[in-house]
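Below: one structure, written as structure tokens.
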């Protein structure tokens, strides 16, 4: 679940000392060189962000996988994060939801261009503007016009300052009594302010609603669909929404700059509740990077383009000449994550961090750019601001 947004008005840049390698089209990158690049970049990040806690960083280059951890698993303890640590991946969860929608189209269960209301029970005349309905793909490009969350209340927003409780705590408290039926009832009260597909409004409600559409099409829970259609075929045994008692000790503790944060609520499901390990995220990244599966091809197909920027099924894309960077960032209280693809260069990068504040999240982006540029001078870099 994203709290900050970096989509337009960007500048490209790197703020780190980097070791430049030959292009990915040249000689293979040595393992020792990859380790040096990542270690140097992580060390600089931790020096410049002393409030940060732990980092797990994975790289795919020349078809090989590399996994590293840095910092501390917990702020008050020594010892690096274990490779088996489970991290909430926040809004990267939405790319899984996008892949499931793509698979559902390929299986002829729906079409991404469908009027959303075809897949809802009952009438929702409010889910159109000027005769233009919300389409399914609008639910994952943040142009549906739906609010940040449902229920659409001030206390459900990150910047709500009238409570001493964190957003995670407020969401967890609300989720004790708020069910799918309540969500769908509140959906009747939404008032669209613009034609769907034309105006950017960040919406976790859209991704949750996509999950409910999938539940109706498949006749089972979103978590069951996720497991059967994606996780088990990809052998991602360490990715889940619900963390059982046996695996609870592996779940990372999240922090902001000063304190521990409450756990991420499972209620967010495909909008921001998936947890995964570095190894599983590299498996996912490799699958996405290859663009061989029709599901991946469809989920990377732009549904909105402005200049060099495109939005796909919750993937963001920048194009430069003949190359792309395809990525998504996850921000939620206590955690920051990045999943980055350079398809034309065969480079993938995953960064998982269990501390989140504006400075360190921006620092993670700068660190990612330093690593990407060092792996290949031809890499397209992430947008940065501030």
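FYI, it's all coordinate maths here, none of it is from the lab. Given the structure is predicted, the values throughout are model-derived calculations rather than measurements. Don't worry about glycine lacking a Cβ; one is built from the backbone with ideal geometry, like all the others, and counts go over all protein chains shown.
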Select from 252, 353, 224 the residue whose mean-square fluctuation is largest in a Gaussian network model of the chain (Cα-Cα springs shorter than 10 Å).
224
With viscosity set to 1.002 mPa s and temperature to 20 °C, compute the Stokes-Einstein D of the range 127-187, Rh being the Kirkwood radius across alpha carbon pairs; µm²/s, no decimals.
161
The range 80-159: translational diffusion in µm²/s, Stokes-Einstein, Kirkwood Rh over Cα pairs, 10 °C, 1.306 mPa s:
104
Using only the alpha-carbon atoms, how far is helix 93-106 inclined from the longest principal axis of the chain? Give it as 0 to 90 degrees, nearest 10.
60
Gyration tensor (Cα only) of the range 27-98 to equivalent ellipsoid, semi-axes in Å sorted down, yields 22, 20, 11
Degrees separating the helix 278-290 axis from the principal Cα axis of the chain, which is the longest one:
80
Highest-MSF residue in the chain out of 237, 290, 273 [GNM, Cα springs under 10 Å]:
237
Kirkwood Rh, Cα atoms: Rg over Rh of the range 339-379
1.02
Please compute the contact order of the chain in relative form: average sequence separation of alpha-carbon pairs under 8 Å and at least six residues apart, divided by the residue count, as a percent.
29
How many nm is it between the label spots at residue 322 and residue 259, if each spot is 7 Å from the Cα in line with the beta carbon?
5.5
Quick one: the Cα spread of the chain along its three principal axes, in angstroms, biggest first?
60, 46, 39
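Please label the shape of the range 26-149 as rounded, prolate or oblate, based on the square roots a ≥ b ≥ c of the eigenvalues of the alpha-carbon gyration tensor (a/c under 1.5 means rounded; beyond that, a/b larger than b/c means prolate, else oblate). Display every interim value, and only then the final one.
Values: a/c = 3.24, a/b = 2.14, b/c = 1.52.
Prolate, since a/c reaches 1.5 and a/b exceeds b/c.
Provide Rg over Rh for the range 123-274; use the alpha carbon set for both Rg and the Kirkwood Rh (inverse mean inverse pair distance). Walk me through the intermediate numbers first.
Details: Rg = 16.8 Å, Rh = 17.1 Å.
Result for the range 123-274 is an Rg/Rh of 0.99.
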For a Förster distance of 30 Å, can you work out the FRET efficiency between the beta-carbons of residue 47 and residue 82, rounded to the nearest 0.05?
0.85
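If you rank 119, 235, 142, 188 by fewest surrounding Cβ atoms within 10 Å, what's the result? Show your work: numbers first, answer last.
Numbers: 119 18, 235 9, 142 23, 188 12.
Ranking 119, 235, 142, 188 by Cβ neighbours within 10 Å, fewest first, gives 235, 188, 119, 142.
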Going from the fewest other Cβ atoms within 10 Å to the most, one would list 89, 106, 60 as 106, 60, 89
Work out Dmax and Rg for the range 302-386 from the C-alpha atoms and quote the Rg first, both in angstrom.
12.8, 37
Using the basic label-point model (7 angstrom from Cα toward the beta carbon), what is the residue 67 to residue 111 distance in nanometres?
4.3
Given the options 356, 333, 223, state which has the largest fluctuation in a GNM of the chain using a 10 Å cut-off (strictly under) for Cα springs.
223
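If you count, for each residue, the other Cβ atoms within 10 Å and average over each peptide, how do 41-47, 336-342, 361-367 line up from highest to lowest?
Numbers: 41-47: 19.0, 336-342: 26.4, 361-367: 23.3.
Answer by packing, highest mean first, reads 336-342, 361-367, 41-47.
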Nearest 10 degrees, 0 to 90: helix 204-218 Cα axis against the chain principal axis:
70
